[in-house]
1. In straight Cα distance, which lysines are under 28 Å from residue 139, not counting same-chain residues fewer than 8 positions off?
2. Which of 141, 111, 131 sits farthest toward the positive end of the charge dipole of segment 32-142, with +1 on the Cβ of Lys and Arg and -1 on the Cβ of Asp and Glu?
3. Using each residue's phi in segment 122-133, evaluate 6.51 cos²θ - 1.76 cosθ + 1.60 at θ = phi - 60° and report the 3J(HN,Hα) Karplus result to the nearest Hz, with x for Gly and Pro.
Amino acid sequence: MRKTLTVLACSAALTVPVGNVWAATHARAAQKKKVVTVAKSVVSPVVDVSRWGQLEVQVKLTLTTTTVGTKATKSFKITGLGFPVYPQHTDRSAFISQKALPLLRQEVLQIKGNSIQLISGATDTSYAFVQALRGALAKAGA
């Protein structure tokens, strides 16, 4: 009886590493990562800026889709931002365009997190800029 138990214990001990190797190879196969990167250039929908005219933004971005097993995640990075099309509606709107839009552009290109700092004195323009940016990202599928 003791010999039989010893033989069974030894054979069980020999099959466990084989089972671990089998599980490890299947786990590695299931965790292969597939990454697809696409560069896009999108023009936002035209956004009305209250009494100052209309605003339109061109966004260049890189979309990345990462698939691990059956789970997919999307991410994007804005790589370029064309200067917004902002008509010189009045002298005041021209002044706002010259001062606020380059700052908003810089803010988007250096974004850390998920919020953009608005420009004091150009509130309407800042909100329209963010709305145009959201429209462009939605158009791109980000």
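1. List returned: 33, 34, 40, 60, 71, 74, 77, 99, 112.
2. Comparing the listed Cα positions along the dipole, 141 ranks first.
3. Rounded to whole hertz, the list is 9, 4, 4, 5, 4, 5, 5, 4, 5, 5, 5, 5.
Each reported figure results from applying straightforward, stated rules to the coordinates on display, with no laboratory input. Just so we're clear, the structure is a prediction, and the values are computed from it rather than from any experiment. Quick reminder, even Gly has a Cβ in these numbers, built from the backbone with ideal geometry, and neighbours come from all protein chains shown.
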